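Structure first, commentary second.
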Amino acid sequence: MILVTGGAGFIGSNFVLDWLVQHDEPIVNLDALTYAGNLNNLRSVEKDPRHIFVHGNIGDAALLSDLFTRYKPSAVVNFAAESHVDRSIHGPEDFIQTNILGTFRLLEAARAYWTGLETKSDFRFLHVSTDEVFGTLDADDPAFNEETSYRPNSPYSASKAASDHLVRAYFHTYGLPVVTTNCSNNYGPLHFPEKLIPLVIHNALQGRSLPIYGDGLQIRDWLYVKDHCSAIRRVLEAGRLGETYNIGGWNERANLHVVTTLCAVLDELQPRADGKKYSEQIALVTDRPGHDRRYAIDARKIEAELGWRPTETFESGIRKTVQWYLDNSDWVENVTSGSYRNWVEKQYA
Ligand SMILES: NC(=O)c1ccc[n+]([C@@H]2O[C@H](COP(=O)([O-])OP(=O)(O)OC[C@H]3O[C@@H](n4cnc5c(N)ncnc54)[C@H](O)[C@@H]3O)[C@@H](O)[C@H]2O)c1
């Protein structure tokens, strides 16, 4: 049994679905079902006895203690977080609560459980983090590697940085067998349409404007979500304890390029009824405060040490993603309307 937190969110649900294809080991999936958590993502494993969903908060110490005692997990994979930078600017409180205090509670519960284990080497705690903890790069700077200093610039990245430091401290102070991954920007199926790629696809198909912050020349390093999931599985099985691994696919792209690529793929797969190009809907809007200019991941450590490689290029991953959104308009409809939340309330009344 492994304990996954945040497994109803974007990356967590992709991870759960992939894991159950690749492994026999069951999952207990703890998720608070915030606006970003979506049980629709897990419909295909709803009846799978290897997937146990628990509606709850990583900050709930009593619940965590009960879950560790009952399920005796061989590993924790911690995805649970508040994850949207814009939301962290308007309301940082939830980010502090979940990303810092929640991770602290989870570490404490894991430590208590692990301390009582007879075979201590039978457990590990994998903390999923972001490249945003490293701050921003200028055009000529080398990509972030595992030695790069932390310089977080948003409340989101600061809260993730704090959680990474706690995880590190639990290794050095208590010997808790931890490993941390810092990944670049993900995209792919089941991505809530507040983030750039699903937002652009959704707005384009709705005939709305496609907002791009500032000059659109901010660079992000993109990774298809399934490649992130395979990297996490690889680190879980072979990563060295106490180490951090940067995960990325060497796909630096300017936001404007990402949006025009999406428009071109949409022009091909679902042309506008009026014959015009989707790129006509692009609108530059006022930049986000503290907007980091460039992120880039040096992924040589995970490649050399663990033999991990991404399978998708940016172009192949983007095409798959657009196709997924075209094929799953009901999913988008559900997460953007109130009907999904009503359904959840009925399930867990
Ligand atoms: N999306 C990216 O590009 C990216 C890149 C690198 C790292 N990460 C990290 O990966 C993890 C997952 O990101 P995501 O994009 O899937 O996020 P997401 O916002 O889509 O999902 C987060 C999930 O955590 C759950 N959650 C939130 N607070 C919780 C709490 N207190 N207790 C239990 N569950 C809670 C939510 O309900 C949701 O299901 C995060 O830790 C994020 O920092 C994300």
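The values are calculated or read from the model by the stated rules, or taken from the named source; none is laboratory data. Every value quoted in this text rests on a predicted model; they were computed, and no experiment measured them. Because the Cβ atoms are built from the backbone with ideal geometry, glycine has one as well, and the counts that use them run over all protein chains shown. The area values use the complete protein model at the heavy-atom level, side chains included, leaving out ligands, DNA and RNA. Shrake-Rupley method; radii C 1.70, N 1.55, O 1.52, S 1.80 Å.
At a glance:
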{"item": "Cα gyration tensor shape of segment 1-156, rounded if a/c is under 1.5, else prolate or oblate by comparing a/b with b/c", "result": "prolate"}
{"item": "Per-selection Kirkwood Rh - segment 175-322 (Cα, Å, 1 d.p.)", "result": "16.6"}
{"item": "GNM result for the chain, Cα springs below 10 Å: residue of Asn328, Asn153, Asn246 fluctuating most strongly", "result": "Asn328"}
{"item": "Shape metrics for the chain, restricted to C-alpha atoms - Rg then Dmax, Å", "result": "19.8, 68"}
{"item": "Angle in degrees between helix 155-174 and the longest Cα principal axis of the chain, rounded to the nearest 10", "result": "20"}
{"item": "Residues of segment 158-291: accessible area per residue with a 1.4 Å probe, Å²", "result": "38"}
{"item": "Local net charge near Asp131, Cβ-Cβ under 12 Å (Lys/Arg +1, Asp/Glu -1)", "result": "-3"}
{"item": "Calculated log₁₀ intensity ratio I(q)/I(0) where the Debye formula runs over C-alpha points of segment 113-200, q = 0.13 Å⁻¹", "result": "-0.58"}
{"item": "Pairwise centroid distance, computed over Cα atoms, of segment 202-267 with segment 87-152, Å", "result": "20"}
{"item": "For Tyr245, distant residues with modelled amide H under 5 Å away", "result": "Thr180, Thr181, Asn182"}
{"item": "Between helix 10-22 and the chain: long-axis angle, C-alpha atoms, 0 to 90°, nearest 10", "result": "60"}
{"item": "Rounded to 5, percent antiparallel among DSSP beta bridges of the chain", "result": "10"}
{"item": "Whole-percent carbon and sulfur share, accessible surface of the chain, 1.4 Å", "result": "50"}
{"item": "Inter-label distance for Asp94 and Ser209, nm, one decimal - labels placed 7 Å from Cα along Cα-to-Cβ", "result": "2.6"}
{"item": "DSSP loop GluC sites (Glu not before Pro) with at most 11 other Cβ within 10 Å excluded, longest remaining stretch of the chain", "result": "148-349"}
{"item": "Cut-off of 10 Å, at most 16 other beta carbons, DSSP loop: longest stretch of the chain lacking such trypsin sites (Lys or Arg not before Pro)", "result": "51-207"}
